[in-house]
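For reference, the structure discussed in these notes is given below.
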Amino acid sequence: MATLIKLQTTQAKPAGPLELMPGDVALGQAGDQLKTLLGSCVSVILTDPRRTVGAMCHIVHVGVPNAANRHNTAYGVAAMHEMFTKLRAVGINPRMCEAYVYGGGNMFPHLFREKHVGASNVDWALHYLETHDVPVLDHCLGGNGYRKVSWTVGRQEPVVETVFSEQGALHGR
């Protein structure tokens with residue numbers, strides 16, 4: 001099962017950025033930095049409109065988990081449930097949050113041209129947020145590369161660097 005990470009005001013803040021690995025879910029307060037590296041996986045960031053609290057997850061799978069994995073936050077449904085739970089625990093209604101969504105790259109474009117894991121992950125994440133009435137403020141999705149996502153909980157938007165495999169070039173946003 002994935003590691004669950006939770007930052008609270010009662011704990012010392014990490015010395016540097018908190019890096020999410022596949023399947024991780026984290027909650028941060030204003031000033032905490034969260035980051036992750038994505039290929040076909042998708043990261044969802046939820047934040048309250050005042051940007052005082054933010055949660056990030058790194059979704060690997062979007063299918064329905066079997067009974068043994070129903071709480072495994074590598075699966076989208078478990079990751080989003082955990083994010084909603086963490087937000088509610090600090091008094092934030094997830095349906096009042098705003099979202100950023102990143103990732104879903106096609107890591108094997110020479111094998112999969114149309115439907116690939118990344119596209120399925122993107123479709124699932126966007127549908128989940130729409131179903132739960134969470135507006136998406138920004139997204140950087142798809143393509144044939146990976147993304148480095150970094151966000152310091154606060155007013156600034158997440159920073160996304162995309163490396164496209166077909167170009168070997170880095171693009172920042």
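Every number in this text was worked out from the coordinates using simple rules, so none of it is lab data. Just so it is clear, the model here is predicted, and its values are computed rather than measured.
Using C-alpha positions alone, give me the convex hull volume of segment 52-91 per residue in cubic angstrom.
On the way: hull volume 2.1 nm³, N = 40.
Taking the convex hull of the Cα positions in segment 52-91, it is 51 Å³ per residue.
At 0.36 nm per residue, minus the direct Cα-Cα distance, what do HIS71 and VAL163 gain on full extension? Give it in nm, one decimal, please. Numbers along the way, then the final one.
On the way: separation 92, 0.36 × 92 = 33.12 nm, distance 3.18 nm.
29.9 nm is the gain from fully extending HIS71 to VAL163.
Can you pull a Stokes-Einstein diffusion coefficient for segment 18-172 at 10 °C (1.306 mPa s), Rh from Kirkwood over Cα pairs, as a whole number of µm²/s? Intermediate values should be presented prior to the final figure.
Numbers: Rh = 15.4 Å.
Calculated translational D: 103 µm²/s.
Once the piece of chain linking ARG50 and ARG155 is laid out straight, how much longer is it, given 0.36 nm per residue of separation minus the C-alpha distance between them? Don't skip to the answer; put the middle values down first.
Values: separation 105, 0.36 × 105 = 37.80 nm, distance 0.76 nm.
Difference between extended and current length: 37.0 nm.
Assuming 0.36 nm per residue, please report the length gained on full extension of the stretch GLU130 to LYS148 beyond their Cα-Cα distance.
Taking GLU130 through LYS148 to full extension adds about 4.0 nm, to one decimal.
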